[in-house]
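Peer 1: Take a look at the following structure, please.
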Amino acid sequence: MTIKTIFLDRDGVVNKEVGYLHKIKDFEFINGVFDACLYFQSLDYQIIIVTNQSGIERGYYNENDFHIVNNWMLEQFKVQGVDILDVFFCPHGPESNCDCRKPKPGMFNQANKKYGINMEESWMIGDKEADIQAANAAGIQNTILVKSGHAIDEKNSKAKFILNSIEQAKEVITN
């Protein structure tokens, strides 16, 4: 049996983009993220976060710092009634030759291998074109770019939809 999934980038989609976020005190959820995720769950989607964390390789923070923030974030979701199935992260920098750093599809492929995901029925919500490229490379065509993180080149984007924030995804994802 396969599951349908909403893949979320973290920084700029789930929380406000602050650059190399690694402290709970700097973590601020994007307005509407909990409501959107509760809505996705009501449509029987699982939610998985896929996030590049190059600050680890760059030495700005370590994996333990990431896990502290990540566990806190997951607890906040749980308090709001949202179950995050899993979080996949790439600790490598842009010069790395890994297969997990978006725009490569490694994190999506790991998730698919672990959970058996129906990629055709799944969605990716990101704030960078690299999120869309990674999703497309993994077989996900349902893609949304949100303007709550980085600047977007709307004319050249491969995203299916471009929205102001994750809150508006409820208008697009309807089944």
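The values are calculated or read from the model by the stated rules, or taken from the named source; none is laboratory data. The shown structure was predicted, so the numbers you read here are calculated from the model rather than taken from an experiment. As a convention, Cβ positions derive from the backbone with ideal geometry for all residues, glycine included, and neighbour counts pool all protein chains shown. Ligands, DNA and RNA are excluded from the accessible area calculation, which covers all protein heavy atoms including side chains. Shrake-Rupley method; radii C 1.70, N 1.55, O 1.52, S 1.80 Å.
Peer 1: Rounded to the nearest whole Å², what accessible area per residue is found for segment 34-137 with the 1.4 Å probe? Intermediate values should be presented prior to the final figure.
Peer 2: Details: 4790 Å² over 104 residues.
Result: 46 Å² of accessible area for each residue.
Peer 1: Sticking with this one: Between SER54 and ASN175, what's the calculated FRET efficiency when r is the beta-carbon distance and R0 is 45 Å? Round to 0.05.
Peer 2: Given R0 = 45 Å and the Cβ-Cβ separation, E is 0.80.
Peer 1: Which one, (i) 32.5; (ii) 16.0; (iii) 17.9, gives Kirkwood radius over Cα pairs in Å as derived from the coordinates shown?
Peer 2: Only one option fits the structure, namely (ii).
Peer 1: Still on this structure: What is the distance in Å between the Cα centroid of segment 1-79 and that of segment 102-174?
Peer 2: 14
Peer 1: Could I ask something else about it? I need the peptides 106-112, 151-157 ranked by packing, meaning the mean over residues of other C-beta atoms within 10 angstrom, with the highest value on top.
Peer 2: Result, highest mean first: 106-112, 151-157.
Peer 1: Out of all DSSP beta bridges with both ends in segment 1-110, state the antiparallel percent to the nearest 5.
Peer 2: Approximately 10 percent, going by the DSSP bridge assignments.
Peer 1: If you don't mind, there's one more thing I want to ask. Given charges of +1 on the Cβ of Lys and Arg and -1 on the Cβ of Asp and Glu, with all other atoms neutral, how large is the dipole of segment 41-175 about its Cα centre, in debye to the nearest 20?
Peer 2: I would put it at about 220 debye.
Peer 1: Treating only the Cβ atoms of Lys and Arg (+1) and Asp and Glu (-1) as charged, compute the dipole magnitude of segment 12-110 about its Cα centre; round to the nearest 20 debye.
Peer 2: 180
Peer 1: How much length, in nm to one decimal, is gained on full extension between GLU63 and ASN118, taken as 0.36 nm per residue of separation minus their Cα-Cα distance?
Peer 2: 16.8 nm
Peer 1: Of the cross-linked pairs LYS25/LYS104; LYS104/LYS128; LYS4/LYS170, which ones have a Cα-Cα span greater than 20 Å in the structure shown? Present the calculation step by step, with values, prior to reporting the outcome.
Peer 2: Values: LYS25/LYS104 31 Å; LYS104/LYS128 13 Å; LYS4/LYS170 16 Å.
Too far apart for the 20 Å limit: LYS25/LYS104.
Peer 1: If packing is taken as the mean number of other Cβ atoms within 10 Å per residue, what is the order of 131-141, 37-47, highest first?
Peer 2: Those peptides, ordered most packed to least, come out 131-141, 37-47.
Peer 1: Right, here's the next one. For segment 29-129, which trypsin sites (Lys or Arg not before Pro) pass both filters: DSSP loop (anything but H, G, I, E, B) and at most 14 other C-beta atoms within 10 Å?
Peer 2: ARG58
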